[in-house]
Amino acid sequence: MVGPQYDFLSNPLGAVRSTFDTAIAAGTDPSSFEGRDWGAIPLFRRFLFDQSGISQVPLLTPTSIRFLRPHTLVRYRGMIQDMPGNEFYVGAYKDGSVWRTNKFMDVSQYPICSSADARIWERRLLYCVPVPGLSPWTEVSAEEFGNLSMDWMSDSREKRRRDEESSDTPASGDEVQDSPNTKRMRESEHSSTAPHSSGAATDIVSSATRLGYDIGSNSPPCLVKIYDSPESEMKLNDIFEFVGILTSPELQEDNEDSDLSNGFSEDPLRHFPPNQVPRLHCFIHKKLGIQDFLQNNPTVEPKLDLVKGIREALLRHLTAILGNDDVTSHFMLLHLLSKVHARDNDLAVGKLSLNLTCFKKETVSVFGKKLTHVLKNLLPFTFCIPLTVEYLNTVSLAPKKNYDTNRLETGVLQLAEGSHLIVDETKLDAGTLNSVGVENCRLLKNLMELQQVEYDFKYYKMEMKTDTQLLILSEGKSNILPADVIVPFHPSSNSCSEAVTVEVLEAWRWYLATVRQLPHSIEQEMQKEVERDLVAARQEDRSLGPQDLSRLLTMGRLMSLSYGETSLSLEHWQMVKELERLRRQRLQ
């Protein structure tokens, strides 16, 4: 019985080298492979997707890194926090009369003797971190990972044993790692000879804060090396899942005479020690959205009856949490469905930031904590800022470029698209803001009004677009954060709600992630009706400005979407007007 031709999980480099040898044997010039594939990637796509091999690929976590072997296939999920630049490396070289490749590797399998027979290629570097504010329910549980990794490791050991018995060529990851000729290519740091022992894992965790990653997360930082992909495919703060080769942080002794990577440029990796930041050479990547983080994500069409039933249940839950304040719960639902769906110059169309007033410290301890807990259970990315004078005067909200380390140092406001940010202003007492505090207030205001965050590159500043839902809890109207909607909070009872099953929570998460992505339009007749109402409202209240009218249109859109409808109806428009009337009544 003939087994599989390649062991994609335990020895992915075997498939890379085999397809390279086949291409060279066919007479292809190795120089032509710069920036393109020679047939390896389709093999991995077929294994991962056509043969459902993706479910067998272990996820890189602080736990799994203790057990995963170098040069094996892994998955990694993270947000692109920094782009250190591109890296030159020896992509192909001659070993005697035989052409060999170093693609998807950090070290060479054989010594590189002559620079004349070497081909210098380029790969892109991405520094990725856990998604800020990632909710625990989105992560793979220890039990699920344990079952997956144990099955995978048991299977890989058996496959490795068969390969070693049947193969006469030095193609396995172990032989590459242990070869006396193994050559350092890029890294300049030294580490232990047991890179994925518990000691190395401890190094990764202990250095995490300094390198800018949340040690409470279920994912380590990772330096991902990208091949043959346009730069436009990826940008800062995008969330991706990468599948590729995990390389060993153990390094061989320097041999500067034959290290062809030295001298091309300043090493962009010197501030990313390999025993602290794992390396992943990427074969395949996929941009992730909110729906990709749902557990047991049902692939069902959002039919109106289904959506309406889920909406009613979620709204009842929000109302109970908010002390039976029906008006506030309706605005909360619209707020949770909001997203930036268009931009007109500096205007972010579709956002609906919410300022709940009448919150005191006592109120926050009762309703605020429960609301925060509910939102963390519903949304994949949530973050909370306790706004105080000390916080504003000391925190780094905006990312800053450090040219000494060539790193973009993260800030609190470097968030993934679709994040939810709660600002607790009830803790803000009288005090004096220093220059940092004043600048931080300006950054928060810009985020609120423009959905932009200003990144500081020392010699210049760059506005980066974002899409962040903002909820402010304050005693009075916030003077720092001018929200789109101000709603006085009027609870009529203590915050309470019935226990919610996991199945119901999953339905609510699916609802919030799905309906906010639906397209929406306003039919011509309905558009005329809306225009007449807006003109009448403007005549009745001259204080209404263009922003107020735009907000009403956004509320109409969100009200329709909350029912799963993609076109504004007269009924939903009337509901928006009544909701607005009740809100304004509270403001008087």
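Using a Förster radius of 35 Å, what is the FRET efficiency between Gln524 and Gln5 based on their Cβ-Cβ separation? Nearest 0.05, please. Using R0 = 35 Å, I get an efficiency of 0.05.
Taking amide H atoms as placed 1.01 Å from N in the peptide plane, the amide H of Lys351 lies under 5 Å from those of His341, each 5 or more residues away in sequence or on another chain. Counting 0.36 nm for each residue step from Asp326 to Gln574 and taking away their Cα separation leaves a gain of 87.6 nm.
In this Cβ point-charge picture (+1 for Lys and Arg, -1 for Asp and Glu), segment 518-587 has a dipole of about 380 debye about its Cα centre. Solvent-accessible surface of segment 518-587, averaged per residue with a 1.4 angstrom probe and all protein chains in place: 56 square angstrom. Placing a pseudo-label 7 Å from each Cα along the Cα-to-Cβ vector at Thr388 and Glu475 gives an inter-label distance of 1.6 nm.
Of the residues Met575, Met448, the one with the largest accessible area comes first in the ranking Met575, Met448, computed with a 1.4 Å probe on protein heavy atoms. Pairs from the table (Lys369/Lys458; Lys286/Lys465; Lys308/Lys339; Lys286/Lys308; Lys303/Lys369; Lys235/Lys370) lying more than 29 angstrom apart at Cα are Lys369/Lys458; Lys286/Lys308; Lys303/Lys369; Lys235/Lys370. Backbone geometry of segment 537-543 corresponds, through the Karplus equation with coefficients 6.51, -1.76 and 1.60 at θ = phi - 60°, to 3J(HN,Hα) couplings of 5, 5, 5, 6, 9, 5, 6 Hz, x marking Gly and Pro.
Note on Asn86 and Met464: the extension gain reaches 133.9 nm, defined as 0.36 nm multiplied by sequence separation minus the Cα-Cα distance. Its alpha carbons give segment 286-404 an Rg and a Dmax of 18.0, 58 Å. Looking at segment 304-517, the accessible area is 42 square angstrom per residue; that uses a 1.4 Å probe and ignores ligands, DNA and RNA.
Based on Cα atoms of segment 304-517, Rg over Rh with Rh as the Kirkwood radius reads 0.99. In this structure the amide hydrogen of His520, modeled in the peptide plane, comes within under 5 Å of no amide hydrogen from residues 5 or more places off or on another chain. Counting every alpha-carbon pair across segment 518-587, the share separated by more than 21 Å comes to 21%.
Extending 7 Å from Cα along the Cβ direction at Lys400 and again at Ile54 yields two label points whose distance is 4.0 nm. Using the Cβ of Glu529 as centre and a radius below 13 Å, the other residues enclosed give a net charge of -2, where K and R count +1 and D and E count -1. Our estimate of slack between Phe457 and Ala116, defined as 0.36 nm per intervening residue step minus the Cα-Cα distance, is 118.8 nm. When a/c is below 1.5 the answer is rounded, else prolate if a/b is larger than b/c, else oblate, so apply that to segment 429-486 with a ≥ b ≥ c taken from the square roots of the Cα gyration tensor eigenvalues. Oblate is the answer for segment 429-486, as a/c is 1.5 or above yet b/c matches or exceeds a/b.
Only one residue of Val374, Cys496, His420 has its Cα farthest out toward the positive end of the dipole of segment 304-517, where Lys and Arg carry +1 and Asp and Glu -1 on Cβ, and that residue is His420.
Summarise the accessible area of segment 436-588 (1.4 Å probe, protein heavy atoms) by the percent that is carbon and sulfur. For segment 436-588, the apolar C and S fraction of the accessible surface comes to 51 percent.
The values are calculated or read from the model by the stated rules, or taken from the named source; none is laboratory data. Bear in mind the structure is a predicted one, so any value in this text is a computation, not a measurement. Reconstructed Cβ throughout: ideal geometry from the backbone, glycine too, with neighbour counts over all protein chains shown. We work out accessible area using only protein heavy atoms, side chains counted, and drop any ligands, DNA or RNA first. Shrake-Rupley method; radii C 1.70, N 1.55, O 1.52, S 1.80 Å.
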